There are 4 protein chains.
Amino acid sequence: MATQRLNEQAEGVFIISATPFAADGSLDLQSTDRLIEFYLEQGVSGITVLGMMGEAHKLAADESAAFLTRVLQRVADRVPVVVGVSNAGLDNLFSLAHTAMSAGAAGVMVAPATGLGTEAKLLAYFRQVFEGLGESVPVCYQDYPFVTRSEISVATFNQLVTDYPQLVMLKHEEWPGLSKLSAVRKAARDGLRRVAVLVGNGGLYLPQELARGADGAMTGFAYPEMLVEVVRLWRQGEQDRAEDLFDAYLPLVRHEQQPGVGLALRKEVLRRRGAIATAQVRAPGPQLTATDHDELTRLISRVEKNLEAM
Amino acid sequence: MATQRLNEQAEGVFIISATPFAADGSLDLQSTDRLIEFYLEQGVSGITVLGMMGEAHKLAADESAAFLTRVLQRVADRVPVVVGVSNAGLDNLFSLAHTAMSAGAAGVMVAPATGLGTEAKLLAYFRQVFEGLGESVPVCYQDYPFVTRSEISVATFNQLVTDYPQLVMLKHEEWPGLSKLSAVRKAARDGLRRVAVLVGNGGLYLPQELARGADGAMTGFAYPEMLVEVVRLWRQGEQDRAEDLFDAYLPLVRHEQQPGVGLALRKEVLRRRGAIATAQVRAPGPQLTATDHDELTRLISRVEKNLEAM
Amino acid sequence: MATQRLNEQAEGVFIISATPFAADGSLDLQSTDRLIEFYLEQGVSGITVLGMMGEAHKLAADESAAFLTRVLQRVADRVPVVVGVSNAGLDNLFSLAHTAMSAGAAGVMVAPATGLGTEAKLLAYFRQVFEGLGESVPVCYQDYPFVTRSEISVATFNQLVTDYPQLVMLKHEEWPGLSKLSAVRKAARDGLRRVAVLVGNGGLYLPQELARGADGAMTGFAYPEMLVEVVRLWRQGEQDRAEDLFDAYLPLVRHEQQPGVGLALRKEVLRRRGAIATAQVRAPGPQLTATDHDELTRLISRVEKNLEAM
Amino acid sequence: MATQRLNEQAEGVFIISATPFAADGSLDLQSTDRLIEFYLEQGVSGITVLGMMGEAHKLAADESAAFLTRVLQRVADRVPVVVGVSNAGLDNLFSLAHTAMSAGAAGVMVAPATGLGTEAKLLAYFRQVFEGLGESVPVCYQDYPFVTRSEISVATFNQLVTDYPQLVMLKHEEWPGLSKLSAVRKAARDGLRRVAVLVGNGGLYLPQELARGADGAMTGFAYPEMLVEVVRLWRQGEQDRAEDLFDAYLPLVRHEQQPGVGLALRKEVLRRRGAIATAQVRAPGPQLTATDHDELTRLISRVEKNLEAM
């Protein structure tokens, strides 16, 4: 298969795909097809599957494989697909990565193991990861210490960039992280190989991050078209229009960015938009109340009103 | 002194006061006067001092006393003043509380000790607190597990409301916390004594929280007049206008709400607005870069543009 | 299959089984047989597999199944086998549990999901677990907040005992936890159904815990015969002899109880004793240095000297 | 005052002093005198005050000053006194350090601020600390990530040793930390300035740590004479006798090393030995039950029996 490979030129929006379930909790592969088409119609540049917001850790091994296969078949190389392979054991991580790459993935995303208390430990961990994966597997580093409790300094990240050419992307998701992003970009201006930087956190700081040198977003906001258009406008020099559009959605971005319940809200929006059949989140997970639904309805209608006024 | 006492009817905006420092790092009491007048001019209903964002833990004991005295003298009973008294030792907590109340404070704010792993421990801790303070000291419970790592369920909070009449206010600052707020209000509808609920987190979810029954905000956003007006409009039934105004500021609310650097940004806005002489934050603490300043300038100008368009 | 069912009368030593690997890192099923026979020869009352110290989270799904099957075949109902089924997703947890029970396990062990901040959340989580498993699956509650960051009070544990007859055992592993154990036992004296309590933490406080009402240990110390004999002596009233024997091993118990490196030390002792072929720990994991080996050798020889002097 | 200065040649046992309280909870300065004489009679090489186990964070500012003055007067330069000055604010830290040094302290002990997630942050923090203190103030680095949640790698610690001559001592208290200690000592063999290393954690691994190059202990075990004698024997080449003596006390060392309740047990032993008037621990803090007392009595009597048998 002539697969796209993830590289440092990646940009735009890599959507973090939800994983759709049927009402009985089983994997919903028909919704998977629909969801992928939905994402592609919104103009995403890439798709990331089996991430944290994809409930990867709640899938059985055969479900992960089935979902991954279905997504790759459906995408059929229209855009690159990145696969989250973080795992408590390195053997499992390597095995998932090789399965994904063989099936046509463009690269893998790896977050550090939980609670690596020093950068020395973090560096040692990623040396094992990169050496085990080998140079042929492009890697996106997921920097999400809010969940992993493993924090990396810019100096240590730069060391990894220097040592491992297969490290081609940073998923920038430390919070707060604006100054970190500036420091990563300064290193590239000072001569370090420039990697792609896509931002996470639901896109909550997207305009500020684009201004500081991000290449786009890798996140799962349920209106991917906004992310796509904000990045496009920004990159063609229309910062004010980009930020106006972003701000029109900001109340909803902020709402969906709540930890935990945010995933249920996101899936509910995708359901309302017809992208998936149910908003089902696997247990243990949040359930929306009637108040949550009404609140979401109001927020969506306000966004629509904002858009009309633009 | 005929002092106001904090009670369950509190509402509106209790501003979390910054603590102003001079360029040499010493306490700036002249700026303190100016800042208090600034807050009062914006229409706040109360003032909270020596909170986490007031850098209370970086003040020497004599500095805390000097600052508290100055604030109470300046306010002169125009609005109630709440004093943060959380401390690693209960003797210190009680001592600070009695000093504050003798000097004219309206009540005290207490967060749980750090890392109380069970609600049983949390309940035991607050029983000691309430019994040590006595019934004459009105208490605001600061529910901020992001920092304290001590989380309380609604059932346990309700137990404290039942057992201790001096518990008159909840500073609602769990994140995410919308469903918790609804549950607290449901308890009051079901017959529990109704305490005041003021929300924190920089006001990031203020409209949603007002809709779910909050009485206002207790936070330190550098444009208190927005918080004041949003609460006022909401309470007189103009929810859409309230939310429109809120949304005009939301990009800045979100920006200032970043942990750590947010305090430096907030003090810089207060400085630009003439409320304090320097934006100095005590070490260890964040310093703003030129990029940070430019970004803030852009965000402020966009808010101003939004306001003009309203 | 006429399987033993775990119940409240369990006592003695349920050894936490290591998972043996070959030098190339693959599952070593021949060593598995040897290790199981080794444990049984030391007189253990039960065997617990796929626990945290069994590196369960580093096994692929097919490896877990192969290991579990091999152990159950080898044990062949000579003692009850408990299977760790904790998982980030409840569907996976239920699936593993039913696989294990169908294959002849005596019960399952479940630790709470990570970071449940309130007992209300913990209670809700376990209600889902118990209801999903059903009454026919005996459960051991693993209380290990050092790793799970989910702490349970005695009152909440007692609530679970009251509500779910299938909760038959507590793996007592909070640290420190002596007063908690006393409180659990007091509840049984006051009329609550008495569940089995087996202690963890490498057995570091075993004599004190037996004195407070523990029924034995569920831990993986590499000299199970000591644990077995200490429990036996204690229960027949020879507390001093039990504690003398325990103290002879205490320097090694304390050494093996170190987080992280302790597992590598434990597997190395098992290797030296001929119970497994290699001391291999799956990556990411600790490696022993020459100094570590010498230190271990000295500690073992001192234990042997202590035993000779008894 | 011709004061001793802490330097790299420090060795033996620096006892972490308890802070004695009267039954009414006030500071007990008479017991302070008695306790200091008790420690000196046991042969300690130094005394550390206002550490975490000294309940420093529960003292009012004037109490800290009064206690410190009393200890320094009583010690009267017989041994060096190290003062814990860790504080959330650097101004407070510097102020306490200068007060202590002016009053005759030999040096100060500093732990990193809480939750410094990267070594880059940790290095930046300590650069501020060392530059603010100046070269004339000898510093002991307290490496206790179990409490501070700030972990330092050996490379970063070595960097501090290289850059700051006033860093003369490591309080080695990471757990587990044996390989870290070996790495610190290897650096000194490879040419780095050799600093004193005293171990904490109640001395739980003292013999192993001496074998790996520790110079003694800095901890508060209630039988300081054991620590003193173990270090003395070890350093004169009698490792077996040293370890025999250590092992005789190990059941009690392990018992007192429990977090939280350990401090109450330690103060109770000191009370029973006549060193302080009450075992009072300031709230919030643990209270011993009758069972706790009996258990402690049994453990002490077993240690005494062990000593008789030697």
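The values are calculated or read from the model by the stated rules, or taken from the named source; none is laboratory data. Keep in mind that this is a model prediction, so the values were computed, not measured. FYI the Cβ positions are ideal-geometry reconstructions off the backbone, even for glycines, and counts take in every protein chain you see. Keep in mind that these areas ignore ligands, DNA and RNA; they rest on the heavy atoms of the full protein, side chains included. Shrake-Rupley method; radii C 1.70, N 1.55, O 1.52, S 1.80 Å.
Could you please put A:Ser31, C:Ser102 in sequence from largest to smallest accessible area, using a 1.4 Å probe?
Result of the area sort, largest leading: C:Ser102, A:Ser31.
Hey, what do the phi angles of the range C:23-30 turn into as Karplus ³J(HN,Hα) couplings, whole Hz, using 6.51/-1.76/1.60 and θ = phi - 60°, x for Gly and Pro?
Each residue's phi maps through the Karplus curve to give 4, 7, x, 7, 4, 10, 6, 5 Hz.
Once phi is turned into ³J(HN,Hα) by the Karplus curve 6.51 cos²θ - 1.76 cosθ + 1.60 with θ = phi - 60°, what whole-Hz value does each residue of the range B:4-19 show in order, with x for glycine and proline?
After applying 6.51 cos²θ - 1.76 cosθ + 1.60, I find 5, 10, 5, 9, 5, 8, 4, 7, x, 10, 9, 6, 7, 6, 5, 10 Hz.
Which of D:Leu93, D:Leu192, D:Leu245 moves most in a GNM of chain D, Cα contacts under 10 Å?
In the Gaussian network model the winner is D:Leu192.
Would you kindly find the accessible area of A:Tyr144, with a 1.4 Å probe and non-protein molecules such as ligands, DNA and RNA excluded, rounding to the nearest 10 Å²?
40 Å²
Inside 10 Å of the C-beta atoms of A:167-180, what's the mean count of C-beta atoms belonging to other chains?
Other-chain Cβ atoms within 10 Å of each residue's Cβ, averaged: 2.
What ranking, highest mean first, results for peptides A:104-110, A:126-132 when packing means the other Cβ atoms within 10 Å averaged over each residue?
A:104-110, A:126-132
Are any of the pairs B:Lys121/B:Lys180; C:Lys305/D:Lys186; C:Lys305/D:Lys305; C:Lys58/D:Lys180 more than 23 Å apart by Cα-Cα distance, and if so, which?
Pairs exceeding 23 Å: C:Lys305/D:Lys186; C:Lys58/D:Lys180.
Quick query: amide H of C:Val13 versus all other amide H atoms, modeled in the peptide plane; which residues come in under 5 Å with a sequence gap of 5 or more or a different chain?
Result for C:Val13 returns C:Ser45, C:Gly46, C:Ala217.
To the nearest 0.05, how large is the calculated FRET efficiency for A:Ala61 and A:Gln239 if R₀ is 45 Å and r is the Cβ-Cβ distance? List each step's numbers first, then the result.
Details: r = 45 Å, r/R0 = 1.01.
So the FRET efficiency works out to roughly 0.50.
Within 10 Å of each Cβ in peptide D:78-88, how many partner chain Cβ atoms are there on average? Round it to a whole number, please.
That average works out to 1.
Where the Cα atoms of chain C are projected onto their three principal axes, how long is each span, largest first, in whole Å?
Cα spread of chain C along its principal axes, largest to smallest: 50, 45, 39 Å.
How big is the Cα convex hull of the protein assembly as shown in projection, averaged over all directions, in nm²?
Taking the Cα atoms of the protein assembly as shown, their convex hull projects to 45.4 nm² on average.
Work the Kirkwood hydrodynamic radius out for the range D:1-86: mean of 1/r over every pair of different alpha-carbon atoms, inverted, in Å.
About 13.2 Å for the range D:1-86.
For the range A:192-226 and the range C:11-26, compute the distance between their C-alpha centroids and round to whole Å.
First find each Cα centre; the distance between them is then 45 Å.
Please work out the C-alpha center-to-center distance from the range B:275-300 to the range A:32-49 and express it in whole Å.
So the two Cα centres are separated by 40 Å.
Provide the net charge surrounding C:Leu6, with neighbours chosen by a C-beta distance below 14 Å and charges set as Lys +1, Arg +1, Asp -1, Glu -1.
Values: positive: C:Arg5, C:Lys171; negative: C:Glu8, C:Glu11, C:Asp77, C:Glu135, C:Asp215.
Neighbourhood net charge equals -3.
Restricting to DSSP H runs of at least four residues, report the calculated mean residue ellipticity at 222 nm for chain A, -39500 (n - 2.57) per run over all residues, nearest 500 deg cm²/dmol.
Working: 12 runs with 149 residues, N = 310.
Using -39500 (n - 2.57) per qualifying helix, the result is -15000 deg cm²/dmol.
For chain D, modelled as a Gaussian network with Cα springs under 10 Å, which listed residue fluctuates most, D:Val49, D:Val231, D:Val147?
Fluctuation is largest for D:Val147.
Rounded to the nearest 100 Å², what is the sum over both chains of accessible area buried where A meets B, with a probe of 1.4 Å?
2800 Å²
Taking the Cβ-Cβ separation of B:Ala290 and B:Glu225 as r and a Förster radius of 25 Å, what is the calculated FRET efficiency to the nearest 0.05?
Efficiency, rounded to the nearest 0.05: 0.30.
Note down the accessible area of A:Tyr249, probe 1.4 Å, to the nearest 10 Å².
Result for A:Tyr249: roughly 20 Å² accessible.
Compute the distance in nm between two label points, each set 7 Å from the Cα along the Cα-to-Cβ direction, one at C:Asp33 and one at D:Thr297.
Using points 7 Å along Cα→Cβ, the separation is 5.5 nm.
Shielding by partners for A:240-251, please: the mean number of other protein chain Cβ atoms within 10 Å of each residue's Cβ.
Taking all residues of A:240-251 together, the mean is 3.
Calculate the spin-label point distance for A:Met310 paired with B:Glu304, positioning each point 7 Å from the Cα along the beta-carbon direction, and give it in nanometres.
2.5 nm
Sum up the charges of everything whose Cβ sits under 13 Å from the Cβ of C:Ala60, counting Lys and Arg as +1 and Asp and Glu as -1, but leave C:Ala60 out.
Charge balance in the 13 Å sphere: -3.
Scale the Cα Rg of the range D:127-236 by the rule-of-thumb value 2.2 N^0.38 Å and send over the ratio, two decimals.
Numbers: Rg = 14.0 Å, N = 110, 2.2 N^0.38 = 13.1 Å.
Taking N as the residue count of the range D:127-236, the ratio is 1.06.
Given a 10 angstrom Cα cut-off, can you work out which residue in D:Pro286, D:Pro138, D:Pro112 is the most mobile in a GNM of chain D?
With Cα springs under 10 Å in chain D, the top fluctuation among D:Pro286, D:Pro138, D:Pro112 is at D:Pro286.
Under 25 °C and 0.890 mPa s, how fast does the range A:181-278 diffuse according to Stokes-Einstein, given a Kirkwood radius computed over C-alpha pairs? Answer in µm²/s, whole number.
The diffusion coefficient I find is 171 µm²/s.
Can you give the FRET efficiency to the nearest 0.05 for D:Arg78 and D:Ser136, using r as the Cβ-Cβ distance and R₀ = 25 Å?
It comes out at approximately 0.65.
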